[in-house]
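The values are calculated or read from the model by the stated rules, or taken from the named source; none is laboratory data. Keep in mind the model is a prediction, meaning the values are calculated, not measured. Glycine gets a Cβ as well: all are built from the backbone with ideal geometry, and neighbour counts include every protein chain shown.
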């Protein structure tokens, strides 16, 4: 069969026969390498997402504890009584408000998220906040706040 081929054709056939397994090994190796890289990227992305989810859960849990701390705070309870006694703020009431704002600032800065904390006194329509421009009416009339029968929800 190879007798009637000249030497040039035989050399070309030999080169093609030798390159074919090399080409097949290259294609296989490339596919395996690509699969490995894709799997590693997927694992890394999944690991980063799990880490982010854990951080998110930890921050949300920390933020959800703030109301529990503030409900039990004696200054917050004392200020409610002060608000109920009189609309006029004396020096003691202002001092307590500053202490509450300081505590709110500490709680706000204890997370690496930017947040604003508010203590509402609905019976006297007062608010104490880490936001210096906060007012009770401004917060209750916010456009994103749903109203039903004139009562803020």
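Check whether at least one residue in region 21-38 is at pLDDT 85 or above and under 22 Å from the mean Cα position of the chain (by Cα), and report yes or no.
So far as region 21-38 goes, no, none of its residues is at pLDDT 85 or above and under 22 Å from the mean Cα position of the chain (by Cα).
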> What is the residue count in region 108-125 for residues that are under 17 Å from residue 76 (Cα atoms) and out of contact with any strand residue (DSSP E or B) (no Cβ under 8 Å at 6 or more places or on another chain)?
Replying inline: 5
>> Just to be sure I understand, how many residues within region 59-97 are outside any helix (DSSP H, G or I) and closer than 20 Å to residue 111 by Cα?
In response: 1
>> Which condition from (1) closer than 21 Å to residue 73 by Cα; (2) modelled with pLDDT under 80; (3) surrounded by 12 or more Cβ atoms within 10 Å (Cβ to Cβ) is the one that residue 105 breaks?
In response: (2)
> With respect to the numbered conditions (1) modelled with pLDDT of 80 or more; (2) part of a helix (DSSP H, G or I); (3) surrounded by 14 or more Cβ atoms within 10 Å (Cβ to Cβ), which one is the sole condition not fulfilled by residue 139?
Replying inline: (1)
